[in-house]
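Just below is one structure, and these are the notes that go with it.
No value in this document is a laboratory result; all are computed from the given coordinates. Since this is a predicted model, take the numbers as computed values, not measurements. In this analysis, Cβ positions are derived from the backbone assuming ideal geometry, glycine residues included, and neighbour counts consider all displayed protein chains.
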Amino acid sequence: MLKYEIVVIGGGPAGLAAAIEAKKSGAKEILVLERDMELGGILQQCIHNGFGLHVFKEELTGPEYAERFIRELKDMGIEYKLDTMVLEVSDKKQITAMNRDEGILNIQAKAVVLAMGCRERTRGAIRIPGTRPAGVMTAGTAQRFVNMEGYMTGKRVVILGSGDIGLIMARRLTLEGAEVLGVAELMPFSGGLNRNIVQCLEDFDIPLYLQHTVVDVEGKDRVEAVTIAKVDERYKPIKGTEKRFDCDTLLLSVGLIPENELSKSAGITLDNITAGPRVNEAMETSAEGIFACGNVVHVHDLVDWVTEESRKAGRNAARYVSGQLINTENKISVQGINGIRYVVPQEIRPENLIGKTEFMMRVDAVYQNVKLVAKSGDEVLRIVKRRHVAPGEMENMVLDLGNMDPKTMKNLTIELVQEEGA
Amino acid sequence: MYDITVIGAGITGTFIARELSKYDLSILLLDKENDVSNGTTKANSAIVHAGYDAVEGTLKAKFNVRGNDMFDEICRDLDVPFKRIGSLVTAFNDEEMETIRGLYQRGLNNGVPDMRILEKEEVLEMEANLKESIQGALYAKTGGIVGPWELAIALAENAVENGVKLELNSAVTAIEKGAVGYEVTAGNQIYQTKLVINCAGVYGDRIDQMVNEKSFEIMPNRGEYNLFDKSVGDMVNTVVFGCPSSAGKGTVILPTVHGNLLLGPSADPIDNREDTRTTFAGLTSINDHAKNTLREIGFHNVITSFSGIRAKVATQDFIIEKPKGKEDFINVAGIDSPGLTAAPAIAEYVVEMVKESGDALGLTFNEKEDFNPKRTPSIHFMELSPKEQKQLIEKDPSFGRIICRCEYITEGEIVDVIKRKAGATTLDGVKRRARPGSGRCQGGFCAPRVMEILARELDVDMKDVLKDGKGSYILTEQTK
């Protein structure tokens, strides 16, 4: 049995940042396990720019952003294994993994950081009627084919879902000479970042059909046509609003799902809304000593926030290993209400808080002129004004909880309040 | 010249070809698709029926019970997943209780063993997720589940290992009477054969009418399904049929041999025999059935929807006969449910029919001494013991490399199914044999890597790797 202080599962942006920060925080024996052939995760196929504005104050491509962390990891001498699949994690922090060269590996860790990221929601999960030919694929898979393998996936393309990867691929395929005929979005607003709507669709005159969905796919072997239709307020297609596109490709960008099969195998409690592990102020899951960060916890829209969250997980994993993390029974729940879908972390142990604490959250719809109001019981802790909030853009709020008396702290809520007179 | 040509490499054709390969005969197995089992066999309920549905005295009744009994041995020999998990027909009211009593009696008449009518409590003990309002159920111990395409693929592989010639991409376009037997035009070839066995599924009538007077017509009927993630695979433990009514045989909820949950089928007559689309209406009808049967069902766990086409005929019974006055042509048509269950018994029966024509056609039936009923077992890495896994990786490191993250399928397993006889040449062909891409991500992660392996092993360009059928290209050209 191999022994490490900290084993990080996943060598994408979350795992890299967690491992590096754990090392900086004093942990010595750290191992990163990555299932792909290289470190960096999905960033390696995100060759567009827009990464790093917050963390590095400059605009980098995905591979450039990843490279900075990979370099740092290697310079620090942190151990990693590539092309290595983790098969199981136990709540006792025993890990079974496998690769070509070493076969089956049994590893005992003192702390584990889960950083497996997320996967794309597929066609089956959203009930698109019609045939099942080649040419229907998720935007991320198409991105891998185009950017990593160097092959185009079609010439005339319809995209369902306005998630960021779909928007990015609309631009990418257009630049490669394909014709993107339109993007259909079920909701009355896009699920992607506003900057991507402007830079990837508007700049290329690609129409965005809000409140539309795909009602038919034709073609036995390869996609021949896709029909979209407008939906009513209950998301049911409205007869007579159909638009049929002759095309050979349907890309799906209909949401991301945290990859928590390993978390489940370890018996970790998942949050119904985020579909990721419930975590505390230390990014620790319900299993003591097992931490989680990045898209496996909740799907982020900017990698910069993944990095920050993962640093926190790495730092706390190191604190845990050295016995500095205080496990008290005094647990304060954190809840999003009235327009806030969820807040991460879902729980805090006030005795562990030093200085300021950052909370990440998503709203449930588009709102104008609102206030984010944080309360401890009935006591208002902080009010932040926002002119515009949308589900596609993660919100954050920093609370100065370190100065509060842990004994008097009550369960925290964060809610949306419409500004009066607005 | 071939002694026998079997048209159609679905479950019936592969069973017959494999049964015939026990004899010293030259046998040709033709299919229009680029893989075996690519029609009805790849999209059905995957059930081995007990045999209480078929009307007494029909071929369906006869071959269902006999076929069911043959599954243990054949699946053991061919290393195909098969589980005799038992089946239930549920009854939620007095009328349905009456119906299941009728089915019980029919089962007795058909010779179905080990059936019982269960009381409410017994049913709920067996299936805790059924609605409390259940009144009772017909339990049949011999009901089971099987991997249908795995079975057909295994049969084809074993048949080829025993000397059968398999020709894919060979749609039969003409059958002419020759000096002896027939000349069958398929693909760009003309094959001479003494005897033709028509197992063409939904095209059975078309093949028949190439040489015979019209005696039946296939009435294609589509069934739609929802397949759920393994996390809800234990929702039921047995094959749970809805109670049949005038509206149909009843929708089924069952675990698959791989641990997923399967729901379906709907039943809709269609015109186009290739029309395997799914529809809002069809999927809604099966989902409603699940809502009415189970306490709770999360449709967000659906990982894929699909449909298959039944080869229905007006008589609603199998057509297994030689056209009037012919000794050299056998129709095996109208093989809809319980066709999968009946297939081994049909094959046995068809071989007897062939033997009866033996004298007329100058065929002799000498059993081969070297017939091998067993297929080289396929490798399921995750099911091996840690020691076996270790040994296998030491022998071939590609078994240490996971390609499919959802189902934990290794590179070694994928290469194995490509290299076998009647092996995989397409992405879906690999998926049907080794399962990468059949998990929750539906190939999102592994498809590019499986394509790389296919391209490498078959020595073709990535661009030429197909998803499934002939025109199902995935990549169009290299990027700029």
* Asked: A:Arg121's amide H: which non-local residues (gap 5+, or another chain) put their own amide H closer than 5 Å, with H modeled 1.01 Å from N in plane and none for Pro or chain starts?
  -> A:Val254, A:Gly255, A:Leu256, A:Ile257
* **Table column - 3J(HN,Hα) (Hz), segment B:13-26, Karplus curve with 6.51, -1.76, 1.60, x for Gly and Pro** => x, 6, 4, 5, 4, 5, 5, 5, 6, 6, 10, 7, 10, 9
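List the pairs from B:Lys60/B:Lys312; A:Lys3/A:Lys23; B:Lys42/B:Lys131; A:Lys23/A:Lys92; B:Lys22/B:Lys214 whose alpha-carbon separation is above 24 Å, in the order I gave them.
In this structure, B:Lys42/B:Lys131; B:Lys22/B:Lys214 lie more than 24 Å apart at Cα.
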* Asked: Can you pull out the trypsin sites (Lys or Arg not before Pro) in segment A:221-330 that DSSP calls coil and that have at most 13 other Cβ atoms within 10 Å?
  -> A:Arg234, A:Lys239
* **In segment A:205-333, lysine pairs closer than 26 Å at Cα, eight or more apart or cross-chain** => 9
* First measure r as the distance between the Cβ atoms of A:Glu58 and A:Gln108, then evaluate 1/(1 + (r/R0)^6) with R0 = 35 Å and state the FRET efficiency to the nearest 0.05. => 0.30
* With θ set to phi - 60°, apply the Karplus curve 6.51 cos²θ - 1.76 cosθ + 1.60 along segment B:456-471 and write out the HN-Hα couplings as whole Hz, x wherever there is a Gly or Pro. => 5, 6, 9, 6, 10, 6, 3, 4, 8, 7, 9, 6, 8, x, 3, x
* Asked: For the charge dipole of segment A:328-422, defined by +1 on Lys and Arg C-beta atoms and -1 on Asp and Glu C-beta atoms about the Cα centroid, which residue among A:Ala365, A:Ser376, A:Leu412 has the Cα displaced farthest towards the positive pole?
  -> A:Ala365
* To do: About the Cα centre of chain B, how large is the charge dipole given +1 on each Lys and Arg Cβ and -1 on each Asp and Glu Cβ? Please answer in debye to the nearest 20.
  => 760
* To do: In nm, give the distance between the simple-model label positions of B:Glu183 and B:Lys419, each being 7 Å from the Cα along the Cα-to-Cβ direction.
  => 4.2
* Asked: Which of the listed residues, B:Leu168, A:His388, A:Ile165, is farthest toward the dipole's positive end in the protein assembly as shown, when Lys, Arg count +1 and Asp, Glu count -1 at the beta-carbon?
  -> A:His388
* Kindly express, to the nearest 10 degrees and within the range 0 to 90, the angle between helix A:13-24's C-alpha long axis and the longest C-alpha principal axis of chain A. => 20
* Structure fact -> Checked segment A:140-261 with the C-alpha gyration tensor, a ≥ b ≥ c its square-rooted eigenvalues, rounded below a/c of 1.5, otherwise prolate if a/b is larger than b/c and oblate if not; verdict rounded
* To do: Classify chain B as rounded, prolate or oblate from the Cα gyration tensor: take a ≥ b ≥ c as the square roots of its eigenvalues, call it rounded if a/c is under 1.5, otherwise prolate when a/b beats b/c and oblate if not.
  => oblate
* At B:Asp275 and A:Glu79, where each label point lies 7 Å from the Cα along Cα→Cβ, what is the point-to-point distance in nanometres? -> 6.2
* Asked: Taking the Cα centre of chain A as origin and charging only Cβ (+1 Lys, Arg; -1 Asp, Glu), how large is the dipole, in debye to the nearest 20?
  -> 520
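Under the rule a/c < 1.5 gives rounded, and otherwise a/b versus b/c splits prolate from oblate, where does chain A land using the Cα gyration tensor?
oblate
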* ³J(HN,Hα), Karplus 6.51/-1.76/1.60, whole Hz, each residue of segment A:98-113, x for Gly, Pro -> 8, 8, 4, 7, 9, x, 8, 10, 10, 10, 10, 10, 7, 9, 10, 10
* To do: Determine, from the Cβ-Cβ distance of B:Gln105 and B:Gln135 and an R0 of 25 Å, the FRET efficiency 1/(1 + (r/R0)^6), rounded to the nearest 0.05.
  => 0.90
* Asked: Across the residues of B:434-442, average count of Cβ atoms on other protein chains within 10 Å?
  -> 3
* Which one of A:Gly177, A:Thr131, A:Cys247 has its Cα pushed farthest toward the positive end of the charge dipole of segment A:122-254, where Lys and Arg give +1 and Asp and Glu give -1 at the Cβ? -> A:Thr131
* Name the trypsin sites (Lys or Arg not before Pro) in segment A:64-95 that are in a loop by DSSP and that have at most 14 other C-beta atoms within 10 Å, would you? -> A:Lys92
* Full-stretch length increase - A:Lys3, A:Asp271 - with 0.36 nm per residue and alpha-carbon distance subtracted -> 93.4 nm
* Asked: Any idea how far apart A:Glu351 and A:Asn338 come out in nm if each label point goes 7 Å out from Cα toward Cβ?
  -> 3.3
* Structure fact -> Counting only residues 5 or more apart in sequence or on a different chain, those whose built amide H sits under 5 Å from that of A:Val215 are A:Thr227, A:Ile228, A:Ala229
* To do: Report, in whole Å, the centroid distance computed from the Cα atoms of segment B:187-249 and segment A:16-65.
  => 52
* To do: With +1 on each Lys and Arg Cβ and -1 on each Asp and Glu Cβ, and nothing else charged, work out how big the dipole of segment A:144-285 is about its Cα centre, in Debye to the nearest 20.
  => 240
* **For B:273-280, mean number of other protein chain Cβ atoms within 10 Å** => 5
* Asked: To the nearest 0.05, what FRET efficiency results for B:Thr173 and A:Asp203 with a Förster distance of 56 Å applied to their C-beta separation?
  -> 0.60
